[in-house]
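The values are calculated or read from the model by the stated rules, or taken from the named source; none is laboratory data. Keep in mind that what you see is a predicted model, and the values were worked out from it rather than measured. Here the Cβ positions follow ideal geometry from the backbone for every residue, glycine too, while neighbour counts run over all protein chains shown. With ligands, DNA and RNA removed, areas are computed over all heavy atoms of the protein, side chains included. Shrake-Rupley method; radii C 1.70, N 1.55, O 1.52, S 1.80 Å.
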Amino acid sequence: MAGKSKAAKSGSRKTGEAGDAIIIKKYANRRLYNTSSSSYITLDDLAEMVRENVEFQVLDAKSGDDITHSILTQIIMDEEANGEQMLPVGFLRQLIGMYGNSMQAMVPSYLEASMANFRDNQTKIREAFEKGMSNNPISAIHETNMAMMRAAADVLIPGVVNKRKSAAPKAAAGASSNGEIDALREQMAEMQKKLDELSK
């Protein structure tokens, strides 16, 4: 309980005295010292500060090195070990596999953007799961992905989307299956032509 009260005390201000992040010093005995509240705190306190959006920076008391990353990683490990598992094994395997990969440099930005998007839309996502969204909450994500693919196709092959839209009323009016096949063949030919041009 004492640790929680310290977290509450440190969480009462979002930044340090100089307007920067609160400085937390980590000593050789693994103790953490909050320079803002002049008190020793625990990893649980730091986790609470994160949840309260309190900005802080953890420095090695001896070297002055910024070790915020390793401390936050340790907090995640503790949370996962204590039964609050949130990271699927498949995700962890994929994440580990990205180390040393040519795409590694892009992963941090992608993950940050994904989490920011999730956080900004968490209310909508929660409502989607509660309402079921046609018994499949993931369908919205699928629809978004399909919309993105259609937009990309329209950029690669100008006119295909418009032709598809204009062909819809004809099909509804009773266009023959042969006509639809011809339209598909025409679109495939246009796609092949565009790909050939891009490969040159």
- When the Debye formula is applied to the Cα atoms of the stretch 26-77, each taken as the same point scatterer, what base-10 log of I(q)/I(0) results at q = 0.12, 0.15, 0.28, 0.31 Å⁻¹? -0.23, -0.37, -1.37, -1.57
- Summing +1 for each Lys or Arg and -1 for each Asp or Glu, what net charge is found among the other residues whose Cβ lies under 13 Å from the Cβ of GLU79? -4
- Heavy-atom accessible area order for ILE67, ILE22, ILE76, largest first, 1.4 Å probe: ILE76, ILE67, ILE22
- Message: Using a 1.4 Å probe on the protein heavy atoms only, what accessible surface does LYS25 show? Give it in Å² to the nearest 10.
- Response: 80
- Query: Which net charge results for the neighbourhood of ASP60, defined as the other residues with beta-carbon distances under 14 angstrom from its beta-carbon, given Lys and Arg at +1 and Asp and Glu at -1?
  - Reply: +3
